[in-house]
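Trainee: This is the structure I have questions about; it appears just below.
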Amino acid sequence: MRRRSVLLAVPALLLTAAGCGDDSKNSDSAASKSPSASDSPTASATGTPTPKTTDGPLPAVTAGTKFNTKPTIAKGTGTPSTDLAVKTLIPGSGPAVASGDYVQVNYLGQVWNTAKVFDTSFGKQPYTTQIGAQKVIPGWDQGLIGAKANSRVMLGIPPALGYGPSGNPQAGIGATDTLVFVVDVLKVYTGRSSAMGTTQPQTDASLPKVGTNVDGLAPSITVPKGKAPTKLVSNYVIKGDGPAVKGSDTLLVQYKGVLWDGGKEFDSSYSRKQLTDFPLTGVIPGWTQGLTGKNVGSRVMLVTPPDLAYKDQAQGSIPANSTLVFTVDIIAVL
C-alpha cells in the first residue's frame, strides 16, 4: 500500500545516520502484499478541499451487515453527491477519532457506478493508519473524524477527495469515479494511549526505574548514580500480551528519552501529545535490538550505550558518547 512518508513528524533523534534504512519497505496492511497495492486509500496529491459533508445518497449494504464482517455493497444508482457522504451504519461506544489519532480498521472499497471492489482488508490483516495527516485519501482524513471505536461508517467519496483527476488506473478507478467504502473502526489510538499489561518488578538498583502509570502521561525515569552499563539493557516495565515484535515491523509508540548523565530529558512523544510511528529498520540500533522480540502492549526500559546510539557524534542536546535511557510503550504494530 502506497502512502506518504511515515516519518513526517518523527523527531531528528530517529532520523540521523545512527538509524539504518528508510520507511519505503513499510507495509500498512495485508493488502499491500497483493498486486493491487496502490488500490488502497492513499494520500492524494490533489490537496484537501474545504470539508463539506452530506449523509447520502449511498448504496445499500446487502450482506455482511454485522460489525467486522465483510460487507456486500449494492451498485450505486443515480448521481452521487459531489460532496463527501458520511453515514454511520453501526454506532460505536468507544473513543471518537480526532485529527492526528491512529485507527485500526477493516474496510472494503468499490466504485460507485460499477460496484467493482478494488480493495479490502477483510479476511486479511486490519489496516492501521493516522487520520488527518495526509497519509490516506482526503475522503478518509475528513470522513472518519468523529467516528467511534466499534462503529461501522459508510463513505461516498467524490473524485476530488479520492484520487483526483488522474484516478488510479491500476485499481480500475477513473478520473470521474466516486468511491464507496464501508469502514469498521476496530480501535482508536490517541495521544493518551499507554501500555496495558502486567507490571514487572524493577529490583536492580543499578538500573533506571520507570514509572508504571497508564494514564497517558509521561512516566518518570529515575537514573541511578554510578557508571552506566556498557551493554544494551532492555527490560519490561509492563508486559503486554500482544504478539512479539519483529525486526521488520513498523511500530506505533509512546516514548521518552533522558541522558544517563544527569537524567535530562532530550525527547518525548508525550510532550507533543501525539503518538509516533516508525520502522524498526530506521532507528538507532539500540531501539532495533532492544524492541525486537518484545510483546505489543508493553512498556520497555532501554539503556542504550553510545555504540548503539550516536557514538562519538553529538545530536542536538545529546552530547557525544552519551548513554541514553528510554521508556517505550509499544502501542501497536502497523
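Trainee: Take residue 255 and decide whether it is touching a residue at least 40 places away in the same chain (Cβ under 8 Å), farther than 30 Å from residue 104 by Cα and of a type in the set (Phe, Trp, Tyr).
Mentor: Working: touching a residue at least 40 places away in the same chain (Cβ under 8 Å): yes; farther than 30 Å from residue 104 by Cα: no; of a type in the set (Phe, Trp, Tyr): yes.
Criteria not met by residue 255.
Trainee: Which number in (1) out of contact with any Phe, Trp or Tyr (no Cβ under 8 Å at 6 or more places or on another chain); (2) modelled with pLDDT of 95 or more; (3) hydroxyl-bearing (Ser, Thr, Tyr) marks the one condition that residue 120 misses?
Mentor: (1)
Trainee: Can you spot a residue in segment 294-308 that is among the basic types (Lys, Arg), buried (at least 20 other Cβ atoms within 10 Å of the Cβ) and touching a residue at least 60 places away in the same chain (Cβ under 8 Å)?
Mentor: Of the residues in segment 294-308, the ones among the basic types (Lys, Arg) are 294, 299.
Next, from what is left, pick out any that are buried (at least 20 other Cβ atoms within 10 Å of the Cβ): 294, 299.
From what's left, touching a residue at least 60 places away in the same chain (Cβ under 8 Å): 294, 299.
For segment 294-308, residues among the basic types (Lys, Arg), buried (at least 20 other Cβ atoms within 10 Å of the Cβ) and touching a residue at least 60 places away in the same chain (Cβ under 8 Å): present.
Trainee: Hey, another quick one. Here are some conditions: (1) at pLDDT 95 or above; (2) in contact with a helix residue (DSSP H, G or I) (Cβ under 9 Å, 6 or more places away or on another chain); (3) more than 24 Å from residue 127 (Cα to Cα); (4) not aliphatic (A, V, I, L, M). Residue 165 meets all but one. Which one does it not meet?
Mentor: It is condition (1) that residue 165 fails.
Trainee: Consider residue 80 carefully, then state whether it is in contact with a Phe, Trp or Tyr (Cβ under 9 Å, 6 or more places away or on another chain) and in the same structural domain as residue 177 (by TED's automatic domain parsing). Before the answer, list the steps.
Mentor: Details: in contact with a Phe, Trp or Tyr (Cβ under 9 Å, 6 or more places away or on another chain): yes; in the same structural domain as residue 177 (by TED's automatic domain parsing): yes.
Here the answer is yes, as residue 80 does meet what is asked.
Trainee: If you don't mind, another one. List the pairs whose first member sits in segment 265-287 and is aliphatic (A, V, I, L, M), whose second member is at pLDDT 95 or above and surrounded by fewer than 17 Cβ atoms within 10 Å (Cβ to Cβ), and whose Cβ atoms are under 6 Å apart, counting only residues at least 6 apart or on separate chains?
Mentor: Final answer for the pair search is 280/247.
Trainee: Okay, next question. Could you go through segment 265-285 and let me know if any residue there is in a helix (DSSP H, G or I) and under 20 Å from residue 229 (Cα atoms).
Mentor: Going residue by residue through segment 265-285, those that are in a helix (DSSP H, G or I) are 270-272, 280-282, 285.
Pick out the ones that are also under 20 Å from residue 229 (Cα atoms) and you get 285.
Scanning segment 265-285, I find at least one residue that is in a helix (DSSP H, G or I) and under 20 Å from residue 229 (Cα atoms), so the answer is yes.
Trainee: Give just the number: which of (1) of a type outside the set (Lys, Arg); (2) farther than 23 Å from residue 55 by Cα; (3) in contact with a Pro (Cβ under 6 Å, 6 or more places away or on another chain) does residue 142 not satisfy?
Mentor: (2)
Trainee: In this structure, does residue 105 turn out to be within 16 Å of the chain's Cα centre (by Cα), closer than 11 Å to residue 147 by Cβ, assigned to a strand (DSSP E or B) and in contact (Cβ under 8 Å) with a residue 60 or more places away in the chain? First the steps, then the outcome.
Mentor: Details: within 16 Å of the chain's Cα centre (by Cα): yes; closer than 11 Å to residue 147 by Cβ: yes; assigned to a strand (DSSP E or B): yes; in contact (Cβ under 8 Å) with a residue 60 or more places away in the chain: yes.
Yes.
Trainee: Assess whether residue 149 counts as being free of Cβ contacts under 8 Å to residues at least 60 places away in the same chain, in contact with a Pro (Cβ under 6 Å, 6 or more places away or on another chain) and closer than 27 Å to residue 192 by Cα.
Mentor: yes
Trainee: Is it the case that residue 247 is in contact (Cβ under 8 Å) with a residue 24 or more places away in the chain and either in contact with a strand residue (DSSP E or B) (Cβ under 8 Å, 6 or more places away or on another chain) or part of a helix (DSSP H, G or I) (or both)?
Mentor: Numbers: in contact (Cβ under 8 Å) with a residue 24 or more places away in the chain: yes; either in contact with a strand residue (DSSP E or B) (Cβ under 8 Å, 6 or more places away or on another chain) or part of a helix (DSSP H, G or I) (or both): no.
Criteria not met by residue 247.
Trainee: Residues that are assigned to a loop (DSSP other than H, G, I, E, B), in contact with a helix residue (DSSP H, G or I) (Cβ under 8 Å, 6 or more places away or on another chain) and under 26 Å from residue 205 (Cβ atoms): does segment 292-309 have at least one? Walk me through how you get there before you give the answer.
Mentor: Of segment 292-309, the ones assigned to a loop (DSSP other than H, G, I, E, B) are 292-294, 296-298, 305, 309.
Add one more test, that the residue is in contact with a helix residue (DSSP H, G or I) (Cβ under 8 Å, 6 or more places away or on another chain), and what stays is 292, 305, 309.
This time we only want the ones that are under 26 Å from residue 205 (Cβ atoms), so: 305, 309.
Yes, the conditions are met somewhere in segment 292-309.
Trainee: Find the residue count for segment 75-88, including only residues that are in a strand (DSSP E or B) and in contact with a Pro (Cβ under 9 Å, 6 or more places away or on another chain). Before you say what the answer is, go through the steps one by one.
Mentor: Residues of segment 75-88 that are in a strand (DSSP E or B), as a first pass: 84-88.
Subsequent filtering for residues that are in contact with a Pro (Cβ under 9 Å, 6 or more places away or on another chain) retains 84-85.
Matching residues across segment 75-88 total 2.
Trainee: Moving on. Working carefully through the options 249, 241, 261, find the one that is among the acidic types (Asp, Glu) and in contact with a helix residue (DSSP H, G or I) (Cβ under 7 Å, 6 or more places away or on another chain).
Mentor: Values: 241 fails: in contact with a helix residue (DSSP H, G or I) (Cβ under 7 Å, 6 or more places away or on another chain); 261 fails: in contact with a helix residue (DSSP H, G or I) (Cβ under 7 Å, 6 or more places away or on another chain).
Of 249, 241, 261, the one residue that is among the acidic types (Asp, Glu) and in contact with a helix residue (DSSP H, G or I) (Cβ under 7 Å, 6 or more places away or on another chain) is 249.
Trainee: Identify the residue in segment 184-220 that is touching a Ser or Thr at 6+ places or on another chain (Cβ under 8 Å), aliphatic (A, V, I, L, M) and not in a loop (DSSP other than H, G, I, E, B) and, among all such residues, is surrounded by the fewest Cβ atoms within 10 Å (Cβ to Cβ).
Mentor: Filtering first and then ranking leaves 210.
The values are calculated or read from the model by the stated rules, or taken from the named source; none is laboratory data. Keep in mind the model is a prediction, meaning the values are calculated, not measured. Please note: Cβ atoms are built from the backbone with ideal geometry, for glycine as well, and neighbour counts cover all protein chains shown.
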